[in-house]
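Here is the structure we will look at.
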Amino acid sequence: MTTISKLQINYLDRIVGITEGPQFSWVIDTPFRNCQQKQYQIQIADEPSFASPLFDTGLVESSNSAQIRIPGFTPDEGILYWARVKAVTEADGQGISTTPFSGSATILGGLKDPDSLKEHFITAETEEDIKLSKGTYLRKAISLKKEVKSAVIFSTAQGVYQLHLDGKKVSCDELAPGWTSYDHRLLYQSYDVTNMLSPGEHVLGVHLGSLWYKGTISFLMIHNFYGDYASLSLRMDVTYTDGSKETFYTDESWKGSYSPVLNSQLYDGEAYDASLEQEGWDNPEFNDDAWRTAKAVPCTSEHIEAQEGSPVALQEIMAPTLAFYTPKGERVIDFGQNMSALPEIRGQGKAGETIVLRCFEVLDKDGNVYTDNLRRAEQRITYTIKDDKPFVYRPHFTFFGFRFIHVESFPGRADLDNFKAYVIHSDMPQTGSFACSNPDLNQLQHNILWGLKSNFVDVPTDCPQRDERLGWTGDAQIFCQTASYNVNTYTFFKKWLKDLALDQTQEGGVPHVVPDVLYKYPFDNWLLNQGTHSATAWADAAIINPWVLYLTFGDTAILETQYESMKGWIDFMKTHAKNNIWNYKLQFGDWVALDAEEGSYFGATPNDLTCTAYYAYSTSLFVKIARILGKEAVAKEYEALYNNIVKTFQETFFNPDGTMTAQTQTAHILALHFNLAPKQFIAKTVENLKQLLAEHDGHLVTGFVGTPYFCHALSSNGCLDEAYALLLKDDFPSWLYQVKKGATTIWEHWDGIKPDGSMWSPDMNSFNHYAYGAIGEWLYRVVAGLNIDENEPGYKHTVIAPRIGGNLTWVEAAYQSVYGEVGIRWERESKSNVITLQATVPANTTATIRLLDGASLVDGDALTFAQRDDILEAEAGSGMYTIRYTLNS
Ligand code: BGC
């Protein structure tokens with residue numbers, strides 16, 4: 001039977017806070033091949049039975065099952081909607097059939113005037129608390145006289161907060177409202193609390209902390225970057241069954257107090273004195289006479305906007321795997337996995353005893369605790385015990401990047417059952433999976449995924465442990481495509497890209513970090529003196545990330561939203577380019593490449609070359625984007641610019657004999673991957689790249705700029721074997737070297753831990769930096785062969801084109817697209833050249849199945865393959881196919 005297995009709204013199962021008509025997409029499930037949608041019908045109701053829908057599209061003739069909008073539907077403030085869909089399809093063997101209605105997805109309408117929340121901020125802090133980062137409580141007792149039909153809370157904080165109602169947490173969100181470019185905008189959360197309310201007494205209780213808003217931030221250790229008071233603004237709308245309504249706001253009738261959190265900071269961790277706990281503070285029975293009156297404070301953001309989805313939330317709970325003493329006698333708990341998490345401690349001791357823990361990533365050469373690479377981040381928990389009863393504690397307003405806990409002090413001997421780790425990250429369902437016959441590659445994929453989880457904590461960060469944890473644009477750009485294979489990135493990056501646009505300079509320059517916490521402080525600092533924006537490959541996130549979202553979801557809305565930002569960035573480069581060579585102030589170049597001079601982080605590839613290569617690449621994407629948006633005149637203008645940049649690049653960075661002016665791997669990779677090498681010199685460029693590889697015995701010496709494209713530059717230019725050889729190297733430096741050294745996430749440096757066990761300098765040595773994990777894209781696209789078709793993006797048409805190699809005997813990858821699962825499995829029959837390829841093409845989509853590398857067909861499973869040079873190609877409708885072919889080698 002054909003059914004609809006998933007309905008999504010703006011690519012999520014559940015969406016909140018929206019005020020504009022959303023986009024609907026759904027997955028059609030069918031065992032029949034060549035299934036195509038003919039019609040659909042969407043219904044929207046304000047109750048789950050759909051007894052009398054508010055909107056009913058009726059049957060609409062359409063083959064589209066993604067990005068569907070309903071004319072006339074805009075969600076009303078605070079109303080919870082249910083939506084469902086059914087479709088009429090036609091498929092082989094089933095003919096025309098109608099699906100039942102899908103399960104429902106929900107929409108909670110947001111505030112019509114979110115800025116009204118600006119007037120309602122209150123704090124329990126006093127002037128003495130401005131420079132501190134204590135926890136505070138706010139509470140308000142309310143009385144409801146009538147039966148409640150529905151109740152919704154819209155709330156946000158300057159700082160971070162946990163919302164309680166009658167002693168219960170209202171959601172499993174962590175670190176709400178998340179981190180945005182607070183000067184410009186702050187996000188509010190929307191919570192449906194209907195089921196928590198009945199006639200009688202209730203208490204709204206909120207626990208507040210400082211974190212990004214007023215706690216210490218950036219390696220400059222700035223306090224109060226955005227403001228002085230941790231504060232809350234909340235509105236609760238209650239609708240009674242008799243139709244009447246009541247609205248409650250935060251105001252100076254609320255009461256406030258300090259909480260047991262003495263200090264809670266992004267980098268330093270949390271100090272908590274349990275003897276200051278106030279039993280039942282968030283319950284109606286509690287007497288708050290001793291509490292002070294809350295004070296109104298101004299809102300420091302220009303605007304308040306809705307958080308639509310992907311909140312940071314608790315995702316999984318990890319148990320430790322080992323407790324041991326180091327050679328130095330330190331007590332250590334090992335979770336076996338590097339991650340971003342909140343440790344939970346259980347124990348029992350005596351009043352006044354203190355537990356002190358430090359979270360860290362790696363052991364040193366001798367197996368002792370190593371914390372130097374945390375730089376100034378303490379990552380410490382200090383917990384003071386209140387009595388002799390058992391206790392459980394988890395920090396509130398921070399998170400830690402760690403695999404190990406060093407137990408500096410504990411009542412008795414700390415053991416495995418005293419600890420757990422609550423893994424937190426932005427809520428982004430996993431969409432991709434990759435596995436193969438090589439366990440080291442599987443561990444690499446695992447490390448990529450955990451690097452992603454650890455660094456997608458509301459903002460795409462460089463690392464989660466040291467005194468940084470910032471939204472470095474380069475890291476987010478490099479990793480975006482790999483991330484988008486692995487998890488649903490839409491809402492997460494949409495939010496971040498909006499902040500990127502807001503933080504751009506007037507001229508269109510793009511900050512090194514978003515939210516930009518560097519620009520305000522022109523301290524005597526090498527980075528700040530030289531500029532805090534517009535570094536090539538970093539700033540290009542403005543173009544590349546929206547482009548990747550467009551490809552992944554087929555969504556033009558993101559291109560429209562980001563259009564001015566994208567154009568601003570291209571124009572910035574144009575303004576500052578001299579005769580088409582673009583370069584500007586501080587550049588990171590091929591960051592942390594191994595061909596850097598001793599002691600330097602800047603790779604050997606000249607900035608003029610990397611900058612101009614990216615200038616060309618981003619401009620080429622912008623031309624495509626302008627065309628997609630129907631801006632033909634703009635497309636033509638920038639196409640001419642693009643052609644000029646390419647011409648200049650070729651004249652400047654290629655010698656007349658076809659060699660490149662820069663003899664670095666990265667220079668050659670960029671020229672090849674960005675199509676910048678003159679046609680007549682492509683073969684020579686490939687040969688020279690191979691030569692540069694051979695000079696290092698087949699190893700890469702590339703940094704952030706060259707590494708992501710190295711294997712592509714080889715495999716797209718007739719060097720598949722070399723690409724596999726590079727991927728599979730497992731001695732230093734290589735991706736698998738880290739794996740062999742026991743990595744569970746991706747390292748910042750190829751030589752984070754050197755072959756002799758010593759460490760790279762502690763001033764820049766993260767063991768959880770996802771940038772080099774960008775190789776993940778090659779695993780999905782080339783090893784498995786799962787390719788998006790630019791002309792029909794969002795997997796409306798997929799190109800399945802595995803490249804068999806690397807002595808792998810099987811590979812399996814799947815991606816949960818907006819249309820459903822695209823799946824590939826290939827297997828080499830034992831010791832033969834026969835490949836069995838299984839491909840899954842989702843309903844209402846099509847695929848090209850491309851057999852490369854000299855394939856000849858054994859069994860095409862009813863598909864018609866045509867020969868083109870040494871490629872066999874067939875067009876497939878939806879369904880599952882098993883194809884057998886032989887390779888000529
Ligand atoms: C970060 C990087 C970042 C870089 C800029 C570092 O401190 O950790 O990942 O992109 O600075 O070069």
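The values are calculated or read from the model by the stated rules, or taken from the named source; none is laboratory data. On a predicted model such as this, the values are computed, not experimentally measured, just so you know. When we count neighbours, we look across all protein chains shown, and the Cβ atoms used for this are built from the backbone with ideal geometry, even at glycine.
Just one of the listed residues (590, 555) is touching a helix residue (DSSP H, G or I) at 6+ places or on another chain (Cβ under 8 Å), within 16 Å of the ligand (Cβ to nearest atom), of a type in the set (D, E, K, R) and under 26 Å from residue 489 (Cβ atoms), namely 590. Listed by position, the strands (runs of 3 or more DSSP E) enclosed by region 379-492 that each have at least 2 residues that are over 23 Å from the mean Cα position of the chain (by Cα) are 380-384, 391-393, 400-409, 419-426. Considering region 695-705 alone, what residues qualify as being aliphatic (A, V, I, L, M) and either surrounded by fewer than 16 Cβ atoms within 10 Å (Cβ to Cβ) or more than 16 Å from the ligand (Cβ to nearest atom) (or both)? Within region 695-705, 700, 701 qualify. Residue count for region 444-500 satisfying the condition of being among the hydrophobic types (A, V, I, L, M, F, W, C) and within 11 Å of the ligand (Cβ to nearest atom): 6. Out of 656, 755, one residue alone is free of Cβ contacts under 8 Å to residues at least 60 places away in the same chain, farther than 24 Å from residue 478 by Cβ and under 32 Å from the mean Cα position of the chain (by Cα). It is 755. Checking the stated criteria, residue 774 turns out to be within 26 Å of residue 747 (Cα to Cα), within 16 Å of the ligand (Cβ to nearest atom) and in contact (Cβ under 8 Å) with a residue 60 or more places away in the chain.
Of the helices (runs of 4 or more DSSP H) lying entirely inside region 583-694, those containing at least 3 residues that are modelled with pLDDT of 95 or more, surrounded by fewer than 18 Cβ atoms within 10 Å (Cβ to Cβ) and of a type in the set (D, E, K, R) are 632-653, 682-694.
To keep it simple, each residue is scored yes or no on (1) free of Cβ contacts under 8 Å to residues at least 12 places away in the same chain; (2) within 27 Å of residue 218 (Cα to Cα); (3) out of contact with any Asp or Glu (no Cβ under 7 Å at 6 or more places or on another chain).
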{"residue": "431", "(1), (2), (3)": "no, no, yes"}
{"residue": "447", "(1), (2), (3)": "no, yes, yes"}
{"residue": "464", "(1), (2), (3)": "no, yes, yes"}
{"residue": "471", "(1), (2), (3)": "no, yes, yes"}
{"residue": "491", "(1), (2), (3)": "no, yes, no"}
{"residue": "497", "(1), (2), (3)": "no, yes, yes"}
{"residue": "502", "(1), (2), (3)": "no, yes, yes"}
{"residue": "508", "(1), (2), (3)": "no, yes, no"}
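Filtered by the rule that a residue be closer than 27 Å to residue 627 by Cβ and in contact (Cβ under 8 Å) with a residue 24 or more places away in the chain, region 783-798 gives 786, 788, 789, 790, 792, 793, 794, 795, 796, 797, 798. Any residue at all in region 202-211 that is touching a residue at least 60 places away in the same chain (Cβ under 8 Å) and assigned to a loop (DSSP other than H, G, I, E, B)? Yes - at least one qualifying residue is present in region 202-211. Assess whether residue 17 counts as being under 16 Å from residue 109 (Cα atoms), not polar (S, T, N, Q) and not in a loop (DSSP other than H, G, I, E, B). Spelling it out, residue 17 is indeed under 16 Å from residue 109 (Cα atoms), not polar (S, T, N, Q) and not in a loop (DSSP other than H, G, I, E, B). The conditions of being outside any strand (DSSP E or B) and within 30 Å of residue 290 (Cβ to Cβ) are met by residue 134. Of the residues examined, residue 793 is not one that is of a type outside the set (Asp, Glu), more than 30 Å from residue 27 (Cα to Cα) and within 22 Å of the chain's Cα centre (by Cα). Out of 326, 300, one residue alone is over 30 Å from residue 11 (Cα atoms), surrounded by fewer than 18 Cβ atoms within 10 Å (Cβ to Cβ) and at pLDDT 95 or above. It is 326. When 458, 475 are screened for being acidic (Asp, Glu), farther than 24 Å from residue 10 by Cβ, crowded, with 24+ Cβ neighbours inside 10 Å and in contact with a Phe, Trp or Tyr (Cβ under 8 Å, 6 or more places away or on another chain), only 475 passes. Residue 709 meets the conditions (1) under 22 Å from residue 804 (Cα atoms); (2) in contact (Cβ under 8 Å) with a residue 60 or more places away in the chain in every case but one. The failed one is (2). Checked against the criterion of being within 16 Å of the ligand (Cβ to nearest atom), in contact (Cβ under 8 Å) with a residue 60 or more places away in the chain and within 20 Å of residue 674 (Cβ to Cβ), the candidates 538, 547 yield just one match: 538. Of the strands (runs of 3 or more DSSP E) lying entirely inside region 828-870, those containing at least 1 residues that are of a type in the set (Lys, Arg) and within 35 Å of the chain's Cα centre (by Cα) span 846-851. Counting only residues that are buried (at least 22 other Cβ atoms within 10 Å of the Cβ), of a type in the set (Gly, Ala, Ser) and not in a loop (DSSP other than H, G, I, E, B), region 715-754 holds 2 of them.
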